[in-house]
Amino acid sequence: MTAINHNPISAMTSSAMPITPRAASQHTLTPGQVAAMFNVNPKTVARWASSGLLGAIRTPGGHRRFREADVVALLNRKTD
């Protein structure tokens, strides 16, 4: 039996085609997940959110979450 991988980070690295913002829809990622995609520290991701480079959603507990579509759009801009 083959396991289905729903991890957005491995989807970015194992897919031949880039994920488009439309395909990403409204999934959210933690700062740690975003940091792993860009190979940076999670604090850097928080700084990007504070500076407006990357939009963030706040959870009821005050934690940041990032729309996968926004992250993919930024990732595609960084690789162009």
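Could you list all residues from segment 29-58 that are more than 12 Å from V71 (Cα to Cα) and either polar (S, T, N, Q) or in contact (Cβ under 8 Å) with a residue 24 or more places away in the chain (or both)?
N39, N41, T44, S50, S51, I57
Which members of segment 45-80 meet the condition of being crowded, with 16+ Cβ neighbours inside 10 Å and assigned to a loop (DSSP other than H, G, I, E, B)?
Passing the criteria: L54, A56.
Where a number appears in this text, it was derived from the coordinates with a stated rule and is not lab data. Since the model is a prediction, treat every value here as computed from it, not as a measurement. Please note: Cβ atoms are built from the backbone with ideal geometry, for glycine as well, and neighbour counts cover all protein chains shown.
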